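The values are calculated or read from the model by the stated rules, or taken from the named source; none is laboratory data. On a predicted model such as this, the values are computed, not experimentally measured, just so you know. A quick note on method: Cβ atoms are made from the backbone with ideal geometry, for glycine too, and the neighbour counts reach across all protein chains shown. Areas reflect the complete protein model, heavy atoms only, side chains present, ligands, DNA and RNA absent. Shrake-Rupley method; radii C 1.70, N 1.55, O 1.52, S 1.80 Å.
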Amino acid sequence: MFDMLFKDAASAKKKIRVFWIVFIVIFIWEMFPEWIFPLLTGFSIFCLADQRSQHFTRIFGGSNGNEGLGLLSFCFDWQYIAGSYNPMAIPLKAQFSNLIGYILCMVVFVAVYYKNIWDSKSFPFLSQELFYANGTVYDQLRILNDQLEVDKELLEKEGLPFYAGTWVVQLLTTNLGMAATFTHLLLWNRHDLRNAWAWLRPSELKRMWSNFDTRFWRDDGMREQAGSDEDIDPHYREMLKYPDSPNSWYLACLAGSIIMALVIIYKTDSTLPWWGFLVAVLLATVSIVFFGSLYAITGLQFIIQPFVQMIGGFIHPGKPMANMYFVLFSYNSVNQALLLLRDLKIAQYTKLPPRAAFTAQIIGTFFGAVLNFVLMNSIIDNQRDILLSVEGTNIWSGQQPQQYNSQAIAWGGLSHELFSDGQRYQFVAWAYVIGLFVPLPFWIVHRYFPKLRADYLYTPVICYYIGWLCVGINSSVTTYFLIAWFSQWWLRTRYPRWFAKYNYIVAAALDGGTQASLACREHPVIRISSLNGGVRIRTEITTDAL
């Protein structure tokens, strides 16, 4: 979008006008599905034809959380259509693999449930909770002792918990996708990965050490000019005139963060040992290269939380609290790193000096942490009952914290009892081994039969999205792929000049207008009042749609 806006100054005014027109239209339109006419969130002819059939609801429903798979439902709310990814921005090649994964997801979910695999019919069709064998929600506190560790005697009395069958599929296919990512990138993108780890070469480490100055604040940050090298990205070439943010600045942040984290895990009695924290940091370091590369290639970001919780569960068995902290310092670190890298890329496109970008990110991180803490506490206090329910609503849902909590118990407390060899969900762990081999047949086929275009498929994306419909509002799936086809194929092939000029501007305007509209109607109201001579800050979440 930035390239389209600023590459041709003569036509920039027209592009900006298009941006603001789309921005204002979607800003007004979002009032209808979010407030005036909520039915626009999900419209299914099949569900309207037979509103009493649970079978229809499971397959064609999806306008509420954990309701159904959303097959042939239509959504007119851009918040949900582009909630995860903007369909106008993801490359068609990645969208095709995504579509295959979605189709297989519907087939596998229906087969698992109606074939009663893992006793699926005893539990809700879609859920992230743990259950007793009779289908009631599992009381996790009844198996934990005072140190929040699993007590074997209490566990024997309560019995092992169960997952909904579709959630087991999600865990299994996520592990398939995670493992397939490593093999896929090593087969298809090994040269790029080699360059990413070039800094670990002895010669590079020696050079970095010789240039390292303990007085890092005195580093001028100036870099060698690229000269006439045509392989240098033009945006990067322009950035060379600014002082860079030295690596020592990032190392200082890393050191401070590690010290703070070690203090926290011991002061809060997290049950996570210091060496477990270091393993989490190392896991995050390796993961960011592979999953960051896949994100850069496809535009699709994997949620590696189940994969991380599996590793944390096996190295810290019987400690769900330690598992939560392990995930915090591994998965969350990868997620935040990807966001920071994306912002640095935007800073390069807009020619923002690196040191200004670094300062903005540090300030934003501190401010965002405080703001998120205040808002999250307020949301939990005001919407607690909805967040604890299995279904939630089309506005509020506790599905993410529910699965985070249930997996901490299952992986952190009961990994050997549930997922080890010979146990109920053994194939969830074995999927990680199997996933390493999934890309091999496609790579071999492409090597010997290149005309079959097996390279067009991203096997990690296909595997990962087989379990994607396990959570959330799924009525937007059909609309998402229709818009993706219209944008990335029809417009790109029939009207390539229009596509190049306006596609990404329109996509950004749709996202921006939607977010602005939601912010105006779901904004936090902060009230400050005196209390016993002090100050009390009260935050209320006001949502007109409620």
Exactly one of (1) free of Cβ contacts under 8 Å to residues at least 60 places away in the same chain; (2) in contact with a strand residue (DSSP E or B) (Cβ under 6 Å, 6 or more places away or on another chain); (3) under 26 Å from residue 300 (Cα atoms) is unmet by residue 123. Its number?
-> (3)
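Condition check ((1) open to solvent by 20 Å² or more (accessible area, probe 1.4 Å); (2) under 30 Å from residue 455 (Cα atoms); (3) in contact (Cβ under 8 Å) with a residue 40 or more places away in the chain; (4) hydrophobic (A, V, I, L, M, F, W, C)) across all residues:
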| position | (1), (2), (3), (4) |
| --- | --- |
| 48 | yes, no, no, yes |
| 65 | no, no, yes, no |
| 71 | yes, yes, yes, yes |
| 79 | yes, no, yes, no |
| 100 | yes, yes, yes, yes |
| 109 | no, yes, yes, yes |
Of the residues in the stretch 130-155, those that are open to solvent by 70 Å² or more (accessible area, probe 1.4 Å), of a type outside the set (Asp, Glu) and either closer than 14 Å to residue 411 by Cα or assigned to a helix (DSSP H, G or I) (or both) number 3
Quick check, is residue 295 free of Cβ contacts under 8 Å to residues at least 60 places away in the same chain, in contact with a Leu (Cβ under 7 Å, 6 or more places away or on another chain) and buried (at least 16 other Cβ atoms within 10 Å of the Cβ)?
-> yes
Meets criteria (modelled with pLDDT under 85, in contact with a helix residue (DSSP H, G or I) (Cβ under 9 Å, 6 or more places away or on another chain) and part of a helix (DSSP H, G or I)) for residue 409 | yes
Sole exception among (1) within 30 Å of residue 342 (Cα to Cα); (2) at pLDDT 80 or above; (3) under 24 Å from the mean Cα position of the chain (by Cα) for residue 15, by number | (3)
Checked the stretch 416-432 for anything open to solvent by less than 80 Å² (accessible area, probe 1.4 Å), over 13 Å from residue 168 (Cβ atoms) and outside any loop (DSSP other than H, G, I, E, B); matches are 417, 432
Only listed residue being out of contact with any helix residue (DSSP H, G or I) (no Cβ under 7 Å at 6 or more places or on another chain), loosely packed, with under 15 Cβ neighbours inside 10 Å and hydroxyl-bearing (Ser, Thr, Tyr), chosen from 456, 495 | 495
For the stretch 251-289, what are the residues that are more than 26 Å from the chain's Cα centre (by Cα) and buried (at least 19 other Cβ atoms within 10 Å of the Cβ)?
-> 271
Given (1) open to solvent by 40 Å² or more (accessible area, probe 1.4 Å); (2) at pLDDT below 85; (3) not hydroxyl-bearing (Ser, Thr, Tyr), index of the condition residue 371 fails | (2)
If you take the residues of the stretch 156-170 that are among the small types (Gly, Ala, Ser) and in a loop (DSSP other than H, G, I, E, B), which of them is most open to solvent (accessible area, probe 1.4 Å)?
-> 159
All positions within the stretch 300-333 that are within 30 Å of residue 244 (Cβ to Cβ), surrounded by fewer than 24 Cβ atoms within 10 Å (Cβ to Cβ) and at pLDDT 85 or above | 331, 332, 333
Do we have residue 500 as touching a helix residue (DSSP H, G or I) at 6+ places or on another chain (Cβ under 8 Å), open to solvent by 40 Å² or more (accessible area, probe 1.4 Å), hydrophobic (A, V, I, L, M, F, W, C) and modelled with pLDDT of 85 or more here?
-> yes
Checking residue 352 against (1) assigned to a loop (DSSP other than H, G, I, E, B); (2) aliphatic (A, V, I, L, M); (3) under 30 Å from residue 173 (Cα atoms), which single condition isn't satisfied?
-> (3)
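Consider residue 104 carefully, then state whether it is within 27 Å of the chain's Cα centre (by Cα), touching a residue at least 24 places away in the same chain (Cβ under 8 Å) and part of a loop (DSSP other than H, G, I, E, B).
no
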